[in-house]
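Peer 1: The structure under discussion is supplied below as structure tokens; questions concerning it will follow.
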Amino acid sequence: MSRRRSPASYDESDVRVRPGRGSRPRSKIRPAHRNAVPGTVVAVDRGRYTCVTQDDERTVIAMTARELGRKAVVVGDRVGLVGDVSGRDDTLARIVRVHARTTTLRRSADDEDPVERVIVANAEQLMIVTSVTDPEPRPRLIDRCLVAAYDSGMTPFLCVTKSDLEDPAKLRDAYAPLDVPIIVTGWDDDTGLDRLREALHDRTSVLVGHSGVGKSTLVNTIVPGAGRAIGNVNIVTGRGRHTSTSAVALRVPEGGWVIDTPGIRSFGLAHVDPAELIEAFSDLAAATDECPRGCTHGESEPECALDDAVRAGGLDPARVDSFRRLLASRERQSGD
Ligand SMILES: Nc1nc2c(ncn2[C@@H]2O[C@H](COP(=O)(O)OP(=O)(O)OP(=O)(O)O)[C@@H](O)[C@H]2O)c(=O)[nH]1
Ligand SMILES: [Zn+2]
């Protein structure tokens, strides 16, 4: 029997409105956003997003609209902007849309940290910068950057700097067996710089590397007037804001974008499946074709073909060791 009640006794808590997809008045939101101005995020600083509009390259500062929720917006994101998009001083636009990303460069603070951070979106290639010396090359960091590149869908290449200080042959030989281009630069090495310009031309490239390897120096050469501070990470971007903790995208005059990132000490890979790691070790991957089914290629695998290849002199033991250290660090985290 249905209860009858007067409107006065009508308690709103009785009313069940299903928040179904169709019940929202979406049409109220959409028309405004249809006119959203397309842009790209070039810098992020404490909730303020510096964007460059697609049509006329105006610099617009924006915040995210509430409806985007807590979704992270990062450098390289293609966004839709509404509100005051004039780009005049003291104006603030709103980002109402973030388009699907073609690539996503992520890292976690360390391998045990489940919180991954998206650093850059939509870049095509990862330029891993390492100096021959001062600071010394860190092969494990390079390996981790390679893993991150493949995981993100970006093509990696190595840029070896400071060849004027020490012969880069050893470093170059170590990475030659990998399927990764290597560009060597140094003071008075114009050929290297030409090759680098060519590699960056008309592409969107992210620079990563340990602090002090010379990223800012390269960026200032490639992008005159970029104003990247040499010797520390305090930089001036957009309308003169100071940023030191996040990436910044800069337009290459001849075409393309370079995205500089602050110097890093480590590159956490908590988000990467351990089974994927071997892809970043292209010099080792072929040997694992001979492994028994289900081999993880770890230290304790009794019949891993990597060991046979090392014994036969076909693989550099240091490379296998480097791979296995990374694998062990990731497997600990996965609970294997
Ligand atoms: N000898 C030599 N020194 C270089 C070269 N490139 C950069 N340097 C020097 O290396 C130091 C560090 O350079 P930066 O460009 O600031 O390095 P960075 O990678 O941007 O460092 P962070 O800003 O900490 O990320 C500076 O003193 C540069 O002058 C090079 O090719 N040869
Ligand atoms: Zn194996």
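Rule-based calculations on the coordinates, nothing more; no lab input. Note that the structure is predicted; figures quoted are calculated from it, not measured. Ideal geometry is used to build each Cβ from the backbone, glycine not excepted, and the neighbour counts take in all protein chains shown.
Peer 1: So for each of 246-259, 123-136 I average, over its residues, the number of other beta carbons within 10 Å; can you give me the resulting order with the highest mean first? Present the calculation step by step, with values, prior to reporting the outcome.
Peer 2: Numbers: 246-259: 19.0, 123-136: 21.2.
Going by the mean number of other Cβ atoms within 10 Å, highest first, we get 123-136, 246-259.
Peer 1: To continue, here is another question. Can you sort 150, 49 so the residue with the fewest Cβ neighbours within 10 Å comes first?
Peer 2: 150, 49
Peer 1: Quick one: Cα centre-to-centre distance for region 67-82 and region 33-49, in angstrom?
Peer 2: Each part reduced to its Cα centre gives a spacing of 6 Å.
Peer 1: How much net charge surrounds residue 95 when only the other residues with a Cβ under 12 Å from the Cβ of residue 95 are counted, with Lys and Arg +1 and Asp and Glu -1?
Peer 2: +4
Peer 1: Arranged from highest to lowest average of other beta-carbon atoms within 10 Å per residue, in what order do the peptides 274-280, 307-313 appear?
Peer 2: Output ranking for 274-280, 307-313: 274-280, 307-313.
Peer 1: So in region 125-260, what percent of DSSP beta bridges are antiparallel if you round to the nearest 5?
Peer 2: Roughly 25 percent of the beta bridges in region 125-260 run antiparallel, per DSSP.
Peer 1: Write down the percent of antiparallel bridges among all DSSP beta bridges whose residues are both part of region 97-159, to the nearest 5.
Peer 2: 50
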